[in-house]
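J.: Input: one structure, supplied below.
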Amino acid sequence: MKRSRAIPFLLAGMVLLSSCGQSQQAQNKQTPTPTGPHPYAKTEKMVNPTDFAPIQIEGMQMTDIAFSPDGQTLFATMYSSKENTSQIYYSAYQGGSWTKPEKAPFSTRNYDAAPFVTKDGQHIYFTASNDDGSNTDLYVTDKTSSGWSDPKALGPQINTKLNESAPVIDKDGSLVFCREEVRQNDYPLANMMLSKYESNTFTEPVALGKNINNGVPTYSMCVSPNGDYAIFTSPREGSFDLYVTYFEKGDFSYPEKLNIRVNTNNMDEVSPIISPDGKYLFFTSRTSYQETMDFSKWNYTVRQVDLDAVGIKTPEQRKASLTTLPDPYQNQTFPEVDRNKTLSADKRDVYYEIFVRSFADSDGNGIGDLNGITQNLDYIQNLGVTAIWLMPINASPSYHGYDVTDYYKINPNYGTIDDFKKLVSEAKKRNIDIIMDLVINHTSNRNPWFIESSTLKDGPRRYFYKWIGEGQEGYNLGDTSSWGSQVWHRSGQS
């Protein structure tokens, strides 16, 4: 059974495409790409992402979009945090503006999202809650002379007891989608699946390769029109970012993050689509789940940017960039820099070590936080303290924080990065230095680096951790530390 928070979490990673995928065999007839101007087209270059908000409905947020092949009709998932529901709306571009949005006739459930319009505009695939509301499935509606048909669920080989979402049709007519299982520890297992279209039906789906499905959730994939690359969203480095992977030698390459124009440090980037004219990338910028897991507080903004400005390489650029990764433990050189050593007397300070959780609570939730320290800086200064040593403040699943999941994030129980900057600034005004307990000796087993290292043996982060084979000389699974704890753990165990 699906947990109550699984559907909103899927919404965070939904993808919806228009011409990201090509025609489906026997359903999508090849039609010429429209040559006229599209309503979203810009005369100036869009090097930096800008907001795209053509339709608005009070009390609802646009979380993802899709276009008809001619770009004249917009389909959008509209999410109500108050009702915790989402429906698909549509709007037509007429007379130089978008018409008042109306709910699509096929959107009849509490949770409909992620529409995908086929190349000929005759079919829309989308995600919806199933009949008993226990999970999400994939549906299709067909365009008829009288409008859109009643939606039909895809076959049992596609829709299972797990969550299926984010349908895409690639250039060969195959169905690409996400299959997610929400496990007991609430950390989802989400893989991208591919089902071929043969004999007028979709075949049993198989998981895409290990470069895509590496143990870290992957919620959506947008395939380029000619199939030479794909863009997807995944929290591989903590927050959700957009990655590009190139189809080479029969498989997808190791993914690369799109550039900082798209991927920011304080937001989740999800739901990528390529515009019907192939010139723009649309995506959704959303409140990071690491900032809050209260979905009602999430804000969504659909954004638009030139596709050639986000860091996707041409085949020539890709070929030139392919190099063999060096073994970091061999032939490693470090720059020799003359260090200007200071006198030991100049390094002396009076340190006050703080376990943030137990020091001072500024908002009354029973957990100490960074703002609590800021509010007590005068007290600390009066003690004669000249430096504060913060015990771990990075994102971590434990109370102590020594198992870090994201070194670029502040533990949301302690506040935000802005709260930390304020603490540093206010401390500096009082001539108090701040040092952090930066735990880089090890990480949490939930850290995306560890998950990738444990599942992708030839990946670039494999060497981040020490892996041994059973019976390897010099190591014994029975080894214990000075404190009597087990040193080695079998892969797959905590």
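The values are calculated or read from the model by the stated rules, or taken from the named source; none is laboratory data. Note that this is a predicted model, so its numbers are computed, not measured. Positions of Cβ are generated from backbone atoms using ideal geometry, with glycine treated the same way; all protein chains shown enter the neighbour counts.
J.: So how many residues does region 195-218 have that are farther than 20 Å from residue 451 by Cα and in contact (Cβ under 8 Å) with a residue 24 or more places away in the chain?
T.: 9
J.: Out of the residues in region 274-290 that are within 23 Å of residue 81 (Cβ to Cβ) and in contact with a Phe, Trp or Tyr (Cβ under 9 Å, 6 or more places away or on another chain), state the one that is surrounded by the most Cβ atoms within 10 Å (Cβ to Cβ).
T.: Once the filter is applied, the top-ranked residue is 284.
J.: State whether one or more residues within region 379-392 are among the hydroxyl-bearing types (Ser, Thr, Tyr), under 22 Å from residue 422 (Cβ atoms) and modelled with pLDDT under 90.
T.: Looking for residues that are among the hydroxyl-bearing types (Ser, Thr, Tyr), under 22 Å from residue 422 (Cβ atoms) and modelled with pLDDT under 90, one finds at least one in region 379-392, hence yes.
J.: Please state which of the following conditions residue 136 fails to meet, knowing it meets all the rest: (1) touching a residue at least 60 places away in the same chain (Cβ under 8 Å); (2) within 17 Å of residue 69 (Cα to Cα); (3) touching a Lys or Arg at 6+ places or on another chain (Cβ under 9 Å).
T.: (2)
J.: Continuing with the same structure: Quick check on my filter: what residues within region 218-232 are within 13 Å of residue 180 (Cβ to Cβ) and either over 8 Å from the mean Cα position of the chain (by Cα) or part of a strand (DSSP E or B) (or both)?
T.: Listed by number, the list holds a single entry, 220.
J.: Scan region 79-129 residue by residue and report those that are buried (at least 16 other Cβ atoms within 10 Å of the Cβ) and among the basic types (Lys, Arg).
T.: 109, 119
J.: Does any residue of region 447-462 turn out to be over 27 Å from the mean Cα position of the chain (by Cα) and either in a loop (DSSP other than H, G, I, E, B) or closer than 24 Å to residue 214 by Cβ (or both)?
T.: No, every residue in region 447-462 fails to be over 27 Å from the mean Cα position of the chain (by Cα) and either in a loop (DSSP other than H, G, I, E, B) or closer than 24 Å to residue 214 by Cβ (or both).
J.: I need every pair where a residue in region 93-110 that is farther than 10 Å from residue 39 by Cβ and of a type in the set (Asp, Glu) has its Cβ under 7 Å from the Cβ of a residue that is modelled with pLDDT of 95 or more and surrounded by 13 or more Cβ atoms within 10 Å (Cβ to Cβ), sequence separation at least 6 or different chains.
T.: Here the result reads 102/89; 102/90, each pair linking region 93-110 to a residue that is modelled with pLDDT of 95 or more and surrounded by 13 or more Cβ atoms within 10 Å (Cβ to Cβ).
J.: Consider only pairs whose beta carbons are under 9 Å apart and that are at least six residues apart or on different chains; among these, list those whose first residue lies in region 443-464 and is closer than 24 Å to residue 400 by Cα and whose second residue is assigned to a helix (DSSP H, G or I) and among the β-branched types (Val, Ile, Thr).
T.: What qualifies is 445/451.
J.: How about region 77-92: which of its residues are within 19 Å of residue 59 (Cβ to Cβ), of a type in the set (Gly, Ala, Ser) and without any contact (Cβ under 8 Å) to a residue 60 or more places away in the chain?
T.: The answer is 80, 91.
J.: Looking only at region 225-243, count how many residues are modelled with pLDDT of 90 or more, under 19 Å from residue 303 (Cβ atoms) and either surrounded by fewer than 22 Cβ atoms within 10 Å (Cβ to Cβ) or of a type outside the set (A, V, I, L, M) (or both).
T.: 6
J.: Test residue 475 against the stated conditions and say whether it is within 28 Å of the chain's Cα centre (by Cα) and more than 17 Å from residue 239 (Cα to Cα).
T.: no
J.: Just to verify a result, which residue in region 420-435, among those that are surrounded by fewer than 18 Cβ atoms within 10 Å (Cβ to Cβ), of a type outside the set (A, V, I, L, M) and not in a loop (DSSP other than H, G, I, E, B), is farthest from the chain's Cα centre (by Cα)?
T.: Going through the qualifying residues, I end up with 429.
J.: Out of region 277-299, which residues are closer than 24 Å to residue 405 by Cα and at pLDDT 90 or above?
T.: Matches in region 277-299: 284, 285, 286, 299.
J.: Can you tell me which residue is surrounded by the most Cβ atoms within 10 Å (Cβ to Cβ) among those in region 255-273 that are free of Cβ contacts under 8 Å to residues at least 24 places away in the same chain and among the β-branched types (Val, Ile, Thr)?
T.: By that ranking, first place goes to 264.
J.: Let me ask something additional. Are there any pairs with C-beta distances below 6 angstrom linking a residue in region 43-66 that is closer than 21 Å to residue 94 by Cα to a residue that is part of a loop (DSSP other than H, G, I, E, B) and of a type in the set (S, T, N, Q), with the two at least 6 apart or on different chains, and if so which?
T.: 66/18
J.: Is it the case that region 486-494 has a residue that's more than 24 Å from the chain's Cα centre (by Cα), over 22 Å from residue 212 (Cβ atoms), in a loop (DSSP other than H, G, I, E, B) and hydroxyl-bearing (Ser, Thr, Tyr)?
T.: Taking every residue of region 486-494 in turn, at least one turns out to be more than 24 Å from the chain's Cα centre (by Cα), over 22 Å from residue 212 (Cβ atoms), in a loop (DSSP other than H, G, I, E, B) and hydroxyl-bearing (Ser, Thr, Tyr).
J.: Scan region 130-160 for residues that are crowded, with 19+ Cβ neighbours inside 10 Å and either more than 25 Å from the chain's Cα centre (by Cα) or among the aliphatic types (A, V, I, L, M) (or both) and jot them down.
T.: Correct list: 138, 140, 141, 151, 154, 158.
J.: Also: Kindly provide the set of residues from region 398-432 that are among the charged types (D, E, K, R) and in contact with a helix residue (DSSP H, G or I) (Cβ under 7 Å, 6 or more places away or on another chain), ordered by number.
T.: Passing the criteria: 419, 422, 426, 430.
J.: So how many residues does region 141-150 have that are in contact with a Phe, Trp or Tyr (Cβ under 9 Å, 6 or more places away or on another chain) and outside any strand (DSSP E or B)?
T.: Number of matching residues: 2.
J.: If I filter region 151-162 for residues that are closer than 27 Å to residue 224 by Cα and not in a loop (DSSP other than H, G, I, E, B), do I get at least one hit?
T.: yes
J.: Scanning for something hydroxyl-bearing (Ser, Thr, Tyr) and free of Cβ contacts under 8 Å to residues at least 24 places away in the same chain, does region 404-421 turn up at least one residue?
T.: no
J.: Restricting attention to region 369-407, which residues are buried (at least 18 other Cβ atoms within 10 Å of the Cβ), polar (S, T, N, Q), assigned to a loop (DSSP other than H, G, I, E, B) and in contact with an Asp or Glu (Cβ under 8 Å, 6 or more places away or on another chain)?
T.: Passing the criteria: only 396.
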